[in-house]
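Report on the following structure.
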Amino acid sequence: MGTDFRAKYFSRTKSEFPDEIEVLGVTYEKVEDLRYGTNPHQAASFYRPKDSQGLPFGHMEILKSGKSGLSETNYGDLNHGANIVKYFDRPACAVMKHLNPSGVAVQPAHTSTAQNGSALRSVYVRARDADAVAAFGGTVVFNTTVDAETAREIMTSVVEVVAAPDFEPEAVQILSDYETYKMNKEIRVIRLPNLMSLPKWIGDDAAPTIKVLADGSLVVAEPLLTGIKGAQDLMPASTKHPQHGEVTINKLPTEEQIQDLLFSWYVNLSVRSNGVVIAKNGVTLAVGTGQQDRVSAVRQAIQKARERFKGAETLEGAVLSSDAFFPFRDSVDACAEAGIAAIIQPGGSVRDWESIQACNEHGIAMVFTGERCFSHH
């Protein structure tokens, strides 16, 4: 190809990456060499914009380190976890594994600390236990200050990284107490300043995403953000078809279901496509991810949720989000068989009429977002 990329880039050791690089006119300074990239044989380094201040990741504070530094995957989990919890104004937690959430939870609006002890601890337990097997050795990201009671709960199972905008002093002591909690001796504790300042909505000031192709070429794209700020942005499912005329959803979601639909949509923004999220009462019941067809992602999520509920026949009253439209009614039929009560999806299929009719037959509510949230990280 005229350039020996393997010699120039891929064979570098950690110390050989430059101290500064320039990308799209922005100068970046190296913060540290990472433990490794995606795999141990891949060297990697972490950079931040030069002369920047207060960036959640660029100026993170490591309050406790493990036996070695962070890997590229650790940074990816931190990034995707923060990109989930940033959407919630109530305490929220995302438990990440391999750049996908194993479980996410937000404090229900009616919950008070006085009734349930530490509200954040309860949120963490719900997120962790949404898929306790996958959560083992994961990365935990919060959107608020971690208290002592939550820290004690974190130390009861193996966690690789825990991150939050801040930590109570006693929480840091507990998370550093490897004599008491030997299983978590190597846990890394990270403060992410200004986490809630991360861009959320289409139009926010945000850096582009950059992907490097195998020959060194770049794809530069706008970041994945959403225009769905609340219930007012959700559209009752409706379509016009040349043969079937105007087809409109009969059943609208309840206020409680709307909150779960929005919750599942914000989680789905950071799920690898094809992404499907089942949720109820502000917690994920299952996440279907990485399937090549829509109905397989739906069935995968349903099966995972059923396994979590130890063979329960249905998921009565839960909601489901899909990061792209349903090309056929088979996904709706699978939702109905499982007991799903409401669906959020982009709409825009030439067969939307079929999915809407299926929802009407089964008594399922469905809303359109008018936008897709594919994530191919």
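With the structure loaded, tell me whether residue 134 is part of a strand (DSSP E or B), under 22 Å from residue 185 (Cα atoms) and not assigned by TED's automatic domain parsing to the domain that holds residue 285 or whether it fails that test.
Numbers: part of a strand (DSSP E or B): no; under 22 Å from residue 185 (Cα atoms): yes; not assigned by TED's automatic domain parsing to the domain that holds residue 285: yes.
Judged against the criteria, residue 134 is not a match.
I'm trying to understand the selection: among the residues of the range 185-216, which are within 30 Å of residue 154 (Cα to Cα) and of a type in the set (Gly, Ala, Ser)? Spell out the reasoning first.
Looking only at the range 185-216, we keep the residues that are within 30 Å of residue 154 (Cα to Cα), and these are 185-200.
Matches in the range 185-216: 197 only.
Checked against (1) surrounded by fewer than 24 Cβ atoms within 10 Å (Cβ to Cβ); (2) within 21 Å of residue 376 (Cβ to Cβ); (3) in contact with a strand residue (DSSP E or B) (Cβ under 9 Å, 6 or more places away or on another chain), residue 323 passes all but condition (1).
Checking the range 14-27 against the condition returns no match, with no residue being crowded, with 18+ Cβ neighbours inside 10 Å, in a strand (DSSP E or B), over 23 Å from the mean Cα position of the chain (by Cα) and on the phi < 0 side of the Ramachandran plot. So for the range 108-126 (the condition being out of contact with any Pro (no Cβ under 8 Å at 6 or more places or on another chain), within 16 Å of residue 283 (Cα to Cα), assigned to a strand (DSSP E or B) and at pLDDT 95 or above), does at least one residue qualify? No - not one qualifying residue is present in the range 108-126.
Somewhere in the range 54-75, is a residue of a type in the set (D, E, K, R), surrounded by 19 or more Cβ atoms within 10 Å (Cβ to Cβ), in contact (Cβ under 8 Å) with a residue 12 or more places away in the chain and not in a strand (DSSP E or B)? Show your work before the answer.
In the first step, residues of the range 54-75 are kept if they are of a type in the set (D, E, K, R); the result is 61, 64, 67, 72.
When the remaining residues are screened for being surrounded by 19 or more Cβ atoms within 10 Å (Cβ to Cβ), the result is none.
The answer is no, given that none of the residues of the range 54-75 is of a type in the set (D, E, K, R), surrounded by 19 or more Cβ atoms within 10 Å (Cβ to Cβ), in contact (Cβ under 8 Å) with a residue 12 or more places away in the chain and not in a strand (DSSP E or B).
Could you look through the range 329-368, keep only residues that are closer than 30 Å to residue 75 by Cα and of a type outside the set (A, V, I, L, M), and pick out the one that is surrounded by the fewest Cβ atoms within 10 Å (Cβ to Cβ)? Explain how you work it out, then say what you get.
Filtering the range 329-368 for residues closer than 30 Å to residue 75 by Cα gives 344-346.
Applying the additional criterion that residues be of a type outside the set (A, V, I, L, M) yields 345-346.
On the way: 345: 28, 346: 20.
Result: 346.
Of the residues making up the range 121-149, those that are small (Gly, Ala, Ser), over 17 Å from residue 106 (Cβ atoms) and out of contact with any Lys or Arg (no Cβ under 7 Å at 6 or more places or on another chain) are 132, 137, 148.
I'd like the residue in the range 169-226 that is in a strand (DSSP E or B) and among the aliphatic types (A, V, I, L, M) and, out of all such residues, is surrounded by the most Cβ atoms within 10 Å (Cβ to Cβ).
Filtering the range 169-226 for residues in a strand (DSSP E or B) gives 188-191, 201, 209-212, 218-221, 226.
Checking the rest, the ones that are also among the aliphatic types (A, V, I, L, M) come to 189-190, 210, 212, 218-221.
On the way: 189: 24, 190: 22, 210: 11, 212: 10, 218: 11, 219: 10, 220: 10, 221: 10.
If we take residues in the range 169-226 being in a strand (DSSP E or B) and among the aliphatic types (A, V, I, L, M), then 189 is surrounded by the most Cβ atoms within 10 Å (Cβ to Cβ).
From the list 282, 275, the one residue that fits, being assigned by TED's automatic domain parsing to the domain that holds residue 239, touching a residue at least 60 places away in the same chain (Cβ under 8 Å) and buried (at least 24 other Cβ atoms within 10 Å of the Cβ), is 275.
The values are calculated or read from the model by the stated rules, or taken from the named source; none is laboratory data. Since this is a predicted model, take the numbers as computed values, not measurements. A quick note on method: Cβ atoms are made from the backbone with ideal geometry, for glycine too, and the neighbour counts reach across all protein chains shown.
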